[in-house]
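Each value in this text was obtained by applying a stated rule to the coordinates, not by laboratory testing. Model, not experiment: these values are computed from the prediction. All Cβ positions, even for glycine, are placed from backbone atoms using ideal geometry, and neighbour counts span all protein chains on display.
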Amino acid sequence: MRKPVVPTEEPEPELKESLATEEPVQEGSERAAHDLSALQEELSCDETLLLRMLGMLYLTKKRSVINVAVSIFEVEKQMGLPREGATFVCEYMKKKSLVVADDKSRFTITVEGIDYLRQALGVQRTHD
């Protein structure tokens with residue numbers, strides 16, 4: 001004998017899943033604020049790394065007439081970064097024309113890179 005079908009008060013499975021994944025508004029707001037704070041910190045760290053790398057490339061170019069290009073591996077080694085730690089920042093610097101890469105993926109600072117470094121460090125130009 002079959003049991004009679006009794007309607008339940010539970011929502012349909014799709015609706016039930018969406019309700020289960022919803023967070024209280026306050027938790028969602030706190031997470032969003034935390035994520036934004038984490039993003040700001042990450043961007044700040046990237047900017048510091050960018051300036052340190054530009055500074056290294058600037059000093060390398062200024063001190064040596066022959067070896068003005070630096071490989072990404074040299075940058076990571078001298079700065080104590082994990083392997084591939086500077087790749088993202090280097091790609092960004094290339095896209096912004098702050099550095100150029102040669103056929104061996106060695107980087108050299110450009111005039112734009114020097115100007116960016118000077119501006120970020122607050123070094124005033126004496127003349128144009």
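If I go through region 48-72 residue by residue, how many of them are outside any loop (DSSP other than H, G, I, E, B) and over 20 Å from residue 122 (Cα atoms)? Within region 48-72, residues that are outside any loop (DSSP other than H, G, I, E, B) and over 20 Å from residue 122 (Cα atoms) number 6.
With respect to being part of a helix (DSSP H, G or I) and either out of contact with any strand residue (DSSP E or B) (no Cβ under 6 Å at 6 or more places or on another chain) or under 15 Å from residue 117 (Cα atoms) (or both), residue 75 fits the description. Scanning region 86-128 for residues that are of a type in the set (Gly, Ala, Ser) and over 19 Å from the mean Cα position of the chain (by Cα), we see that the one that is farthest from residue 75 (Cα to Cα) is 122.
Considering only region 81-99, I want to know if a residue exists there that is among the hydrophobic types (A, V, I, L, M, F, W, C) and loosely packed, with under 14 Cβ neighbours inside 10 Å. Yes, there is a match, as at least one residue in region 81-99 is among the hydrophobic types (A, V, I, L, M, F, W, C) and loosely packed, with under 14 Cβ neighbours inside 10 Å.
For region 61-87, the candidate set comprises residues that are hydroxyl-bearing (Ser, Thr, Tyr) and free of Cβ contacts under 8 Å to residues at least 24 places away in the same chain; within that set, the residue that is farthest from residue 100 (Cα to Cα) is 64.
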